[in-house]
Every structure is written in structure tokens, then in C-alpha cells.
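Asker: One structure, as C-alpha cells, below. Some questions next.
Read-outs throughout are calculated quantities, based only on the coordinates presented, and are distinct from any laboratory measurement. Since we're looking at a predicted model, the values are computed, not measured. Every residue, glycine as well, gets a Cβ built from its backbone with ideal geometry; the counts of neighbours run over all protein chains shown.
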Amino acid sequence: MTTETKDVAGDRVVIFDTTLRDGEQCPGATMTFDEKLDVADLLDAMGVDIIEAGFPIASEGDFEAVTAIAKRVKRATVAGLARAINADIDRAGEAVRHAQRGRIHTFVSTSPIHLAHQMRKSEAEVLEIITATVTRARNLVEDVEWSAMDATRTGIDYLCQCVDAAIKAGATTINLPDTVGYATPEEYAAMFRAVRERVPDSDKAIFSTHCHNDLGLAVANSLAALDAGARQIECTINGIGERAGNAALEEIVMAIRTRSDALPYRTGIETTMLARASKLVSAVTNFPVQYNKAIVGRNAFAHESGIHQDGMLKHQQTYEIMTPESVGVAKTSLVMGKHSGRNAFRTKLKELGYEFGENAFEDAFNRFKALADRKKHVYDEDIEALVDQSIAHAHD
Ligand code: KIV
Ligand code: ZN
């Protein structure tokens, strides 16, 4: 039994980051060798448990990157992806053998649609492939993860047979991906519950989630599976990944931290590094982070409505469920715009070093409202300029 296996009974959730593999796989997100090392270093420093560093058979560049990451990463396990093909498994084994803790992550499709159209193999043939390839991987490394690609569109009886075969062949982690982002949280949790109940040796492996976001349910599905016994979550920084992306690491981690009452688990992530990780991944992939993205979007801790700004000035928890500092954002920002009220405007003036009597304040506030109606963003310099006008006006 591995250390991780014992954790299944506990509340510790293993965070498996696949930014450098599934994340990099999406159109336009390619990273250079050096950029991959920078991302890996940050993930390791942040406390990610497993870094999926790439797909070693995919290209010479990927092989070199996985090998280099395996050599330099100090804390995390480094995983390399492999199809259920001997050459893939050997190449992944060669790349991760330099790691202090190396993992081969091998996968095969299990759903009827993939078997019929992509693999063109029978269920019995795929079962034999699972046994052979997991055994081969186990002969190279101790730590083998097996994934049932398109698990959520696989019949439960056959899925259980596949998982049984993988565990018998020595897989230490079993991943049940929602490859096409099709499942709902209830269905996803039910699949884990059924497999864990029906496969005799299921307690010998850690169960893992891997959710894509085609219906915007990747994070909800990943979290739902925890209640059904999953203890590893596969995710990416900023949720980048194939099509609509993967479950976002920062959302998973902060949901677990913020709602520990409803989600009684813990991760090993240093959450104050989340904003930095988001910025780095956005910069190296050239993928902008949407303004309203949970946790790391630029509006995640910004308030413009007068009612919200007034509430925030009275008590931070009126409109924030976590502090910006807890994710590495310096502070809440009260954005000055046409929805801002007197309280926020007065606070902003104070911040800029101005104190007014009531009449001058009203004059400046009216000027500010008129400007905010014409201008989308009202910057500090705009406010300074209109305040100067108000002061001049008072002296006329
Ligand atoms: O989405 C998926 O099924 C995958 C596997 C390779 C784990 O990325
Ligand atoms: Zn995937």
C-alpha cells in the first residue's frame, strides 16, 4: 500500500496539475522548453502533489521537457503520459526515471463509441491491452496511474471490469475522466460510488477525477466526486485545456478552502501563490484570463456598484467570501465608475489626500458622476483633475 492509498480514508485531496500536458494540448497554448521549466518550478513551490509534465512520445521536445522537469523538481511527483502502447510506456518510463518520484500515466478508451470508431477493438481486446500495458508500466516504475478515457460514456459493468483489470495489473491510481465534459455532478459521483463499491480491490488504489468543461461543470463534477471517495483531482491553472478546458486548479483549491463546512477536505496548496501562477500561465501561453474568472480574474476582488462599495467600506465580508490576500492579490479594489456612491468617492478622495467640506464635496461628486457617464474607466488621475477643477471653482 502506498502512502497515498492510506490517505483515501482521510480528508487530504491530491492535486494533480496537467497544465503542462492537457493544458498545453489546447490550440495556441504551446510553451517553450524554458517556459515549461518556469511553470513546473512554480507548481512545485506552490505545493502541487503531481505535475503531469507532458507526453514524452509526442515529440522530442516533450520528451526533453519531461526529462528536465523530472530532474529538477524537488517535491512533487512527476508524471509522463502514455497511450496503451509499449513504445509510449517505455518512452514515458525513460523520461520520468530521473525523478525523485516518477509516475507513468497510461490511458485507453473504454466507451462503446471510442471502441467502435477510434480504437476499432472489442471490449475483450481492450481488457487484454489494459492488463498488458499496466503490467509493463509497473515493471518500470512503482507509481502507475491508469485512465479510462471517456469513462462517463462507458457502461458501468464494463467500466468495473476495466478498473478491476488495471488494479490487478498494479495500477496505484485509477482515473475516471469526463473526457467530453458530458456528466452532471450527480452522475459523476454515482459512477465513482458504483465502481468503488463493485470492484473488489478498489481500496488498493487512489481514485481520481479528470473533468473537461464543455458544459461549464468541470469544477462542480470534480468536487462532487470527493463525496464518492475520489481523492485526486486533475486540473490546470486558469482551467486551460482541450476545447472549453479542464477543471481550474485555483477554483478547486479555493472552493475546498473557503467552504470547508460543505467540503471537509484539504489540499497542500499554498493559496497565496495562485494569482502568480495564473499570471505566469497566462503570459507563457498568451491566453488572457477572462476579467470575471473566479479567483484570478481581474474583477474577482473589484467592486463598482455603489451598494457593494458602501457595504465593503463597512465590512469586508459583506461582498467577499475570501480575502484577496489569501490568493495573492494585494487588495480589494473599489473601481470608480458611474455606479459608485458618495461613500466610495469620499474614501477615494481621502486615499488621494483630499479632504473637503460638504459643498465642495458635492460639487466634486457631481463632476465625477458626469464624467463617469461619459467615460468607461475613471482613473485616479481623472479624479485628481476634477478635484482640481472643483477647488478652482470654489475660488472663483
Ligand atoms: O480527457 C482525458 O480523458 C484525458 C486522458 C488522457 C486522461 O486527458
Ligand atoms: Zn483531458
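Asker: Highest mean first, what order results for 308-321, 157-170, 45-58 on Cβ atoms within 10 Å?
Answerer: Top to bottom by mean Cβ count within 10 Å: 45-58, 157-170, 308-321.
Asker: So, one more: What whole-number distance in Å separates the alpha-carbon centres of region 345-392 and region 37-110?
Answerer: 55 Å
Asker: Follow-up. What are the GluC sites (Glu not before Pro) within region 329-396 that DSSP puts in a loop, where the Cβ has at most 14 other Cβ atoms within 10 Å?
Answerer: Sparse-neighbourhood loop GluC sites (Glu not before Pro): Glu355.
Asker: Take every Cα-Cα pair in region 319-396 and report what % of them are more than 15 Å apart.
Answerer: Roughly 57 percent, rounded to a whole number.
Asker: Please compute the alpha carbon radius of gyration of the chain, then divide it by the globular-protein estimate 2.2 N^0.38 Å. Two decimals is fine.
Answerer: It is 1.19.
Asker: Rounded, prolate or oblate: which fits region 126-221 when a ≥ b ≥ c are the square roots of the eigenvalues of the alpha-carbon gyration tensor, with rounded for a/c under 1.5 and prolate only if a/b beats b/c?
Answerer: Prolate is the answer for region 126-221, as a/c is 1.5 or above and a/b outweighs b/c.
Asker: Mind checking which of Arg120, Arg266, Arg138 has the largest fluctuation in a GNM of the chain, springs on alpha carbons under 10 Å?
Answerer: Arg120
Asker: List, largest first, the extents of the alpha carbons of region 249-291 along their principal axes, each in whole Å.
Answerer: Projected onto its principal axes, the Cα set of region 249-291 covers 36, 19, 12 Å.
Asker: Using a ≥ b ≥ c from the Cα gyration tensor of region 69-185 (square roots of the eigenvalues), is it rounded, prolate or oblate, where a/c under 1.5 gives rounded and otherwise the larger of a/b and b/c decides, a/b for prolate?
Answerer: prolate
Asker: Could I ask something else about it? What does the charge count near Thr67 come to, summing +1 for each Lys or Arg and -1 for each Asp or Glu among other residues with Cβ under 12 Å from its Cβ?
Answerer: It works out to a net charge of +1.
Asker: Quickly estimate the mean residue ellipticity at 222 nm for the chain, helices only: each DSSP H run with n ≥ 4 gives -39500 (n - 2.57), and the total goes over all residues, rounded to 500.
Answerer: For the chain, the value works out to -13500 deg cm²/dmol.
Asker: Taking a quarter of the surface of the convex hull around the Cα atoms of region 1-151, what do you get in nm²?
Answerer: Answer in nm², one decimal: 9.6.
Asker: Once you order the gyration tensor axes a ≥ b ≥ c over the Cα atoms, which shape class does region 253-352 get: rounded for a/c under 1.5, otherwise prolate or oblate by comparing a/b with b/c?
Answerer: It comes out oblate by the Cα gyration axes.
Asker: Okay, moving on. Under a point spin-label approximation (7 Å from Cα along Cα-to-Cβ), what is the Glu384-Arg298 distance to one decimal in nm?
Answerer: Label-label distance for Glu384 and Arg298, simple model: 2.0 nm.
Asker: Calculate the radius of gyration of the Cα atoms of region 182-228 to one decimal place, then report Dmax, the largest Cα-Cα distance, as a whole number, both in Å.
Answerer: 10.9, 33
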